[in-house]
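The values are calculated or read from the model by the stated rules, or taken from the named source; none is laboratory data. Note that the coordinates shown come from a computational prediction; the quantities given were computed from them, not determined experimentally. Here the Cβ positions follow ideal geometry from the backbone for every residue, glycine too, while neighbour counts run over all protein chains shown. Note: areas computed on protein heavy atoms with side chains; ligands, DNA, RNA excluded. Shrake-Rupley method; radii C 1.70, N 1.55, O 1.52, S 1.80 Å.
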Amino acid sequence: MKFIVSSSTLLKNLQSISGVLSTNNTLPILDNFLFEIEKGQLKIAASDLETTIVTTLVIESKDSGNIAVPAKLLLETLKTFPEQPLTFHIDDKKFAIEISSDYGKYKLAGYSGEEYPKAPEMQSSSSIEVNGSVLSTAINKTLFAAGNDDLRPVMSGMFCQLSEESVTFVATDAHKLVRYRRTDAKSKAASSFILPKKPMNLLKNIVGANDVVKVEYNKSNASFTFGATNLICRLIDGKYPNYDAVIPQNNPNILIVDRNAFLSSLKRVSIFSNKTTHQVRLKIAGNELNISAEDLDFSNEASERLTCQYAGEDMEIGFNSRFIIEMLNNVTCEEIELQMSAPNRASLILPAKQDSNDEHLLMLVMPVMLNA
């Protein structure tokens, strides 16, 4: 079996899917890429059993067949080459691979492609098409809020809720929650599923803004197809918590403040906060926002003042600064709106002006009890 391929094209395609490779695979065969050659095309797969990514590129070849190629060795070799054609000679019986370049020859031992786990087939699936920029924005704005608790796997992923009016993405770890809704993406039938964190992080890095992504899903798997790439992942099994029930509806105290100024203040002041609680105190009166933090164990304290727009009763409320900073880092608006009802009840952070009429972003953060 023989084929010729551009070194830079091959490297680019391998790097785009290599993120799925795990360092502690239960099956040694998963330390390899699966190469499948057919009709002048090379289909390359990488998998960790839970997630499989496949990409296809055009090559010069009249042969057909498959082989598993050591991933790390191949990637490290390709990174050293300038752009040039590479010729792969593969011994179908011994699974020996010889690569010929302008500089010389390189031999490596492959494995039978038949041993490589097959990607699941999407049987009795439903589908929806989503713009690539919508999907990557949804992942960027929600996934950071997902939990890491292995005992609650449903909260470690991104909840996707499809309806005839919109598509909603939700992530929460019980301390913070993000809901991102798009009305420019719709489904013919209502449905919902929970997507794991790892494949979503991979997806946002490889999907292009102009790609149209075909999302297929059934009870156990979801598939994302765009361009020459296909990502299939196993869904998280379980019932997602009723997130709507925890979003407070009546929040009479509304603060509007410049996002960058608020974020910079929080970053500076939080350095002086207690290293266990990361607590910052917001004191709002009139058009003045006072941000303070203290660490009594080390006699450290800091406070700053910002001008703001505020409608409501004077208020003091405490937050974990890391949660607020993370949220502000994941919105792009100039001003944010902080909606509060009481110091012991969840508060909402929204962009004062949404980036587009088709999107609606809502972030919820739980307060922390203030020391007297």
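Annotations
- Unmet criterion (only one of (1) within 30 Å of N329 (Cα to Cα); (2) assigned to a helix (DSSP H, G or I)) for D149: (2)
- Test result for L143, surrounded by fewer than 22 Cβ atoms within 10 Å (Cβ to Cβ) and touching a helix residue (DSSP H, G or I) at 6+ places or on another chain (Cβ under 9 Å): yes
- In the stretch 229-238, the count of residues that are open to solvent by 30 Å² or more (accessible area, probe 1.4 Å), within 17 Å of S127 (Cβ to Cβ) and at pLDDT 95 or above is one or more.
- In the condition set (1) in contact with a helix residue (DSSP H, G or I) (Cβ under 8 Å, 6 or more places away or on another chain); (2) at pLDDT below 95, E121 is compliant with all but (1).
- Counting only strands (runs of 3 or more DSSP E) wholly contained in the stretch 165-284, the ones carrying 3 or more residues that are more than 30 Å from D314 (Cβ to Cβ) and under 19 Å from the mean Cα position of the chain (by Cα) occupy 167-172, 176-182, 191-195, 212-217, 221-226, 229-234.
- Single condition D63 does not satisfy, out of (1) under 17 Å from E114 (Cβ atoms); (2) open to solvent by less than 50 Å² (accessible area, probe 1.4 Å); (3) not in a strand (DSSP E or B): (2)
- Taken as a whole, the condition of being assigned to a strand (DSSP E or B) and free of Cβ contacts under 8 Å to residues at least 60 places away in the same chain applies to I349.
- Applying the criterion of being over 37 Å from the mean Cα position of the chain (by Cα) and in a loop (DSSP other than H, G, I, E, B) to the residues of the stretch 86-100, the residue that is surrounded by the fewest Cβ atoms within 10 Å (Cβ to Cβ) is K93.
- Residue in the stretch 103-111 that is in a strand (DSSP E or B), within 28 Å of the chain's Cα centre (by Cα), over 30 Å from N210 (Cβ atoms) and modelled with pLDDT of 95 or more present: no
- Residue list for the stretch 33-55, filter: farther than 13 Å from K118 by Cβ, open to solvent by less than 40 Å² (accessible area, probe 1.4 Å) and either modelled with pLDDT of 95 or more or under 25 Å from the mean Cα position of the chain (by Cα) (or both): F33, F35, I37, L42, I44, A46, D48, T51, I53, T55
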